[in-house]
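Below is one structure, written out as structure tokens, with a few remarks after it.
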Amino acid sequence: MAKSNKPIIWGAFAAGGEAVSLVAPAIILLTLLAAIGRVPPGLSYEQMHSFAAGWFGKLVLFAIVFLSLWSQAHRLRITCFDFGLRADGLVATLFYMLAGAASLWLILILGNI
Amino acid sequence: MMDVRVAERQTDLEILRYNPEIAGEPKLERYTVPTKTEWCVLDALNYLKDNVDPTLTYRWSCHMQVCGSCGMMINGEPKLACKAMLRDYPGVIRIEPLAHFPVERDLVAVADDFLAKLKRVKPYLIPLEKRLPEDGEYRQTPAQLKRYRQFAMCINCMLCYAACPEYGLHPKFIGPAAISLAHRYNRDSRDGGRDERQEEIATAEGVWECTFVGACSEVCPKHVDPAAALQQVKVASTVDWYLEHFMSWVQK
């Protein structure tokens, strides 16, 4: 049997899992702090805006959000399967298209910063 | 004062009986046996076979969690009958053959599929350098031993296959124990057979069928943690894939 090409999908899935479990909680915490008016030093709106406006910042944000979307789409697909929804082709297409559409939207948002 | 360790009780067992020579579906039969608190389920089965019904068929050998023969479903969970203590099961104990395998007779599961898969992944040392006896032994540091020792603890009891929902859905999946054992030799400093094993396990039927449910590691009686082995194989196979496709000049 030939070796599988699954690593392309799984590599992004695993990286996304890391992004979700390590980066996302930090972002949630920082956002909550900002919401109650306690912006951590160095993370003011102006500084974050200038980070997101540069090409490096855009690349970092895109990588984190894209990988997270991809990994969660994959996880939802597998969860559906485990819960007995066996129309895997349809479910996979739906979730991956959602992640893809959200990624395109993200490119638009980043492009407008 | 009564010693609780030797306290006796009547234990109700519900055992799946199936005899291929007699037409009919497998069905649960109820038995009541006098047991002692410190007995394991295997002791109760042995009592039953010796004193009540000698036709009851099941596999066992060592009675000490080493041979891996007495795997069966106990109250729906894959367990070694010699490791499942009666004191942990207050009510009726339901005993069935290992899930996901065909039944040969009573509690005996057909292991052919697992044995064929085990053979495919070459779970033995394929020496990196050929040495003659006069060249001396293969030397290994404690650190090198530690890299694979945990995965070498597997006793081929097949509990992980009975627990794995992926194996239940896709019987072609090479499965937790066989891939963990392949990984055990891949991580051995004396071994040079990884490329051969990857041809079997880095495939769609191999490690990529695993969705990391983790049930294998929960039921493993020897704490091999097959789920961890399979995740490590996934990472290594992903690195391989990128090297093979983009940096084929790099030695793996």
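The values are calculated or read from the model by the stated rules, or taken from the named source; none is laboratory data. Just so you know, these numbers come straight off a predicted model, no measurement behind them. As a convention, Cβ positions derive from the backbone with ideal geometry for all residues, glycine included, and neighbour counts pool all protein chains shown. Please note that ligands, DNA and RNA were not included when accessible areas were found on the heavy atoms of the full protein model with its side chains. Shrake-Rupley method; radii C 1.70, N 1.55, O 1.52, S 1.80 Å.
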For residue B:248: the one exception among (1) surrounded by fewer than 17 Cβ atoms within 10 Å (Cβ to Cβ); (2) at the interface with chain A (Cβ under 9 Å from one of its Cβ atoms); (3) not in a helix (DSSP H, G or I)
(2)
Would you point out the residue of the range B:135-151, among those that are open to solvent by less than 40 Å² (accessible area, probe 1.4 Å) and touching a residue at least 12 places away in the same chain (Cβ under 8 Å), that is nearest to residue B:125 (Cα to Cα)?
B:148
For residue B:236, state whether it is under 26 Å from residue B:81 (Cβ atoms), assigned to a helix (DSSP H, G or I) and not polar (S, T, N, Q).
no
Pairs, first open to solvent by less than 90 Å² (accessible area, probe 1.4 Å) in the range A:45-61, second aromatic (Phe, Trp, Tyr), C-beta under 7 Å, six or more apart
A:57/A:51
Collect the residues in the range B:193-210 that are open to solvent by less than 40 Å² (accessible area, probe 1.4 Å) and either more than 14 Å from chain A (Cβ to nearest Cβ) or touching a residue at least 40 places away in the same chain (Cβ under 8 Å) (or both), keeping them in residue-number order.
B:193, B:197, B:198, B:201, B:210
Going residue by residue through the range A:8-15, is there one that turns out to be away from chain B (no Cβ under 14 Å) and surrounded by 11 or more Cβ atoms within 10 Å (Cβ to Cβ)?
no
Just the residues that are within 14 Å of another protein chain (Cβ to nearest Cβ) and not aliphatic (A, V, I, L, M), please, taken from the range A:56-113.
A:71, A:74, A:75, A:77, A:79, A:80, A:81, A:82, A:83, A:84, A:86, A:88
Looking at (1) in contact with a Lys or Arg (Cβ under 6 Å, 6 or more places away or on another chain); (2) surrounded by 22 or more Cβ atoms within 10 Å (Cβ to Cβ); (3) on the phi > 0 side of the Ramachandran plot, find the lone condition where residue B:122 falls short.
(2)
